[in-house]
Amino acid sequence: MTPLIIQAAEAAERKSAEVTDWAARLGWVAGLLLFIALVYWLMRQGWKWRGELQSGLPELPVAPENAGQAKLRLSGRYHGSTTAGQWLDRIVARGLGNRSRAELTLTDAGIDVVRPGAADFFIPAAALREARLDKGIAGKVLAEGGLLIVTWAHGDTQLDSGFRSDHAAEHAAWVEAVNSMITTDTTEGAAR
């Protein structure tokens, strides 16, 4: 054999001699999967712990049978509730931390929030404090004015609840209607 052929055969033999260490690879994969499972478990425990810390939050109000004529309706998404003014302090107690589709109805009695697959709740008109457009709430950040934020009192806690309409142009009408309800109540209280 010629030296060139011998060198080529030796190079091919060296290349084929590399063997994958399957035990080490499987160990790394198993370790990575265990790490991911641990992170998921810790996140779940943190969610449960936050729920226990907020367990003093009263039951959510339910809509009265005769809430009155609907002033406005909104179809969209509920993105969660936070402590008022603290846009990263998510409220998870009573199912308020669960994102879902939402149907909002504004009446003289308040705002009825119907959430398929999650707990429905009602925001009484007397509990309303403010409505505004904002860009974010815990876990959701959008363009400026992309979220309708409704501030309301629930027990001793002031909450900000974030909603996003399927049609963003509806947000301004909601802010105006909710704030006019609040202004009317505040003005009447100040006159006394």
*What number of residues in segment 145-169 are of a type in the set (A, V, I, L, M), open to solvent by 10 Å² or more (accessible area, probe 1.4 Å) and either more than 22 Å from P61 (Cβ to Cβ) or within 14 Å of the chain's Cα centre (by Cα) (or both)?*
2
*Out of all the residues in segment 144-166, which are more than 15 Å from G76 (Cβ to Cβ) and of a type in the set (A, V, I, L, M, F, W, C)?*
W152, A153, L159
*Name every residue in segment 48-88 that is aliphatic (A, V, I, L, M), part of a loop (DSSP other than H, G, I, E, B) and surrounded by fewer than 13 Cβ atoms within 10 Å (Cβ to Cβ), in order of residue number.*
V62, A70, L88
*Quick one: count up the residues across segment 106-121 that are open to solvent by 10 Å² or more (accessible area, probe 1.4 Å) and under 20 Å from the mean Cα position of the chain (by Cα).*
7
*Starting from segment 143-155, take each residue that is more than 18 Å from E176 (Cβ to Cβ) and list its partners that are of a type in the set (A, V, I, L, M, F, W, C) and outside any strand (DSSP E or B), counting only C-beta distances under 7 angstrom and pairs at least six apart or across chains.*
A153/A127; H154/L57; H154/A127; G155/L57
_In segment 34-47, residue nearest to G155 (Cα to Cα) [restricted to those that are within 21 Å of the chain's Cα centre (by Cα) and open to solvent by less than 80 Å² (accessible area, probe 1.4 Å)]_ = G46
*Filter segment 1-30 for residues that are of a type in the set (G, A, S) and surrounded by 10 or more Cβ atoms within 10 Å (Cβ to Cβ); which is modelled with the highest pLDDT?*
A30
*V178: open to solvent by less than 50 Å² (accessible area, probe 1.4 Å), at pLDDT 90 or above, within 22 Å of P64 (Cβ to Cβ) and not in a helix (DSSP H, G or I), yes or no?*
no
_Being more than 20 Å from the chain's Cα centre (by Cα) and without any contact (Cβ under 8 Å) to a residue 60 or more places away in the chain is the requirement here; does A131 meet it?_
no
*Scan segment 89-105 residue by residue and report those that are in contact with a strand residue (DSSP E or B) (Cβ under 7 Å, 6 or more places away or on another chain) and open to solvent by 50 Å² or more (accessible area, probe 1.4 Å).*
D89, R99, R101, E103
*Determine which member of the set D108, D112 is modelled with pLDDT of 85 or more, under 20 Å from M181 (Cβ atoms) and in contact with a helix residue (DSSP H, G or I) (Cβ under 7 Å, 6 or more places away or on another chain).*
D108
_Would you confirm whether or not segment 21-43 contains a residue that is without any contact (Cβ under 8 Å) to a residue 24 or more places away in the chain and not in a helix (DSSP H, G or I)?_
yes
*strands (runs of 3 or more DSSP E) wholly in segment 100-164 with at least 3 residues that are of a type in the set (D, E, K, R) and within 15 Å of A84 (Cα to Cα) - which ones?*
128-134
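The values are calculated or read from the model by the stated rules, or taken from the named source; none is laboratory data. Since we're looking at a predicted model, the values are computed, not measured. Neighbour counts run over all protein chains shown; Cβ positions are idealised from the backbone, glycine included. In case anyone asks, the SASA skips ligands and DNA or RNA and just uses the protein heavy atoms, side chains included. Shrake-Rupley method; radii C 1.70, N 1.55, O 1.52, S 1.80 Å.
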